[in-house]
Amino acid sequence: MSQPDLADDEAPVLEEEQPAAPEPARPRVEVPTQKQKTSIYTVMLMISFVCIVIACILLAWELSLWGPYPWWNVRDAIPR
């Protein structure tokens, strides 16, 4: 195929671009989602949380056996 001879001042005539017609709005389809199953890591996290809570309760109980709050106050521990 050969190209047509064009003079320098002649530009090729292009078809006018017409704006594309907007696409009709599609109804939004809700995709049903399912709750994820509990994995072993979630169970391990819950077990560790329960263990930490029990440890804090036992620590508070142990500290209450040794006396009131300022546990570092050793004046009461001096023998007489």
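Here, each number is a calculation from the coordinates, and none is a lab measurement. This one's a predicted model, so the numbers in the text were calculated from it and none came from an experiment. Backbone-built Cβ (ideal geometry, glycine too); neighbour counts: all protein chains shown.
Points worth noting:
- Sorting the segments 25-31, 56-62 by their residues' average number of neighbouring beta-carbon atoms within 10 angstrom, most packed first, yields 56-62, 25-31.
- Here 33, 42 are placed in order of increasing Cβ neighbour count within 10 Å, fewest first, which gives 33, 42.
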